[in-house]
1. If you take the C-alpha gyration tensor of the stretch 68-111, multiply each eigenvalue by 5 and take the square root, what semi-axes do you get, largest first, in whole Å?
2. Among the listed pairs Lys212/Lys258; Lys184/Lys303; Lys212/Lys260; Lys93/Lys176; Lys260/Lys303; Lys204/Lys271, which are separated by more than 25 Å between their Cα atoms?
3. So how do Arg236, Arg118 rank on accessible area, 1.4 Å probe, biggest first, that is with the largest at the start?
4. What figure in square angstrom, to the nearest 10, would you give for the accessible area of Ser23 with a 1.4 Å probe?
5. What whole-number distance in Å separates the alpha-carbon centres of the stretch 49-114 and the stretch 241-310?
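The values are calculated or read from the model by the stated rules, or taken from the named source; none is laboratory data. Predicted, not measured: the structure shown is a model, and the values here were computed from it. These accessible areas exclude ligands, DNA and RNA; they are computed on the full protein's heavy atoms, side chains included. Shrake-Rupley method; radii C 1.70, N 1.55, O 1.52, S 1.80 Å.
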Amino acid sequence: MKKSLLALAVLTAATGVAQAASSVTLYGKVEAAYQNKGHDSKSVMQDSGGESRLGFKGREDLGNGMAAFFQLEAQVAADTGALNNTDGMFNEKSLVGLSFANDTHKIYFGRSASPIDRIGFSTDHLSSGLGWKSSAGNWQNAAFYDYSSNGFSVAAGVTTKGGLAGNTTEGTKGTKAAYGLSAKYEASNWALAAGYQKDNSTVKSEWGVGGKYTFNPVTVALSYADAKLATNAKERRYHATISAALTSNDTLFANYLKDKTKLAGASIANKTHFGLGYIHALSKRTELFANVGREKDSVTSTKATNWDVGMRHSF
């Protein structure tokens, strides 16, 4: 009887440990395409715009609505299998933190998207597409806070290294850390967002606004970003995307992007981009896509037509 009770106690303890262990999820996306980049006259099979990912995320329930979590995410090159970056293995995300009140509040540390990077509304990544904002997308050596409730969310962060791996000045004596704040409200068919961040690096500061509205089967997304660069130049970016769900499996979209930079010498540099794209879903996880884009650069006086055809699979 005593042996049975002892065995039961050991089994109960082991079960408790197993329940307390983190649940770890492997996830990612593999995307490859045959691309033609008109500005360098090359047609190659390669990773599609650096979109492939491999990640791990874990969570442990600590009770009373509190949990611990981590996330590691790497950008990989689908065509070669190599890491598609120079910032280290987990260049997309490398973070650990705590959540409270059933994920209403989150505090975490490491490398993740900057506050203003959280409010982009672009639904495409055409082969020649430009980013909708000026700064690097990720902050490293940073502390983050997220709030989310009933469609309203806030993202805040402060960092000593900004988003650039080569930025060695922030955090040293006599320099200032970067910081930022953004907010978004999302309803069933529309969303609005705004953000500001003081980068203190290649981009001194920037702010941006964005929104989208869906009137089935069409979704319109607009965003605007305004930045002051370290060279005292000013940059403005306008981005618009229209997408239409032709069927439950087929989506057609068009985009426009204008990048306007006022240089220190008062001259103006413009980049414009027009694009069309098509996505066909074979399943919830597998898609085929085709894109074509036309870009013009007033600085180099060049024009180029870029296109790609490929597939992606998420897991």
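1. Numbers: eigenvalues 161, 18, 7 Å².
After diagonalising the Cα gyration tensor, the semi-axes are 28, 10, 6 Å.
2. Numbers: Lys212/Lys258 18 Å; Lys184/Lys303 36 Å; Lys212/Lys260 22 Å; Lys93/Lys176 23 Å; Lys260/Lys303 16 Å; Lys204/Lys271 21 Å.
Correct reply: Lys184/Lys303.
3. On the way: Arg236 110, Arg118 85 Å².
Per-residue accessible area, sorted high to low, gives Arg236, Arg118.
4. Here the accessible area works out near 70 Å².
5. That distance is 28 Å.
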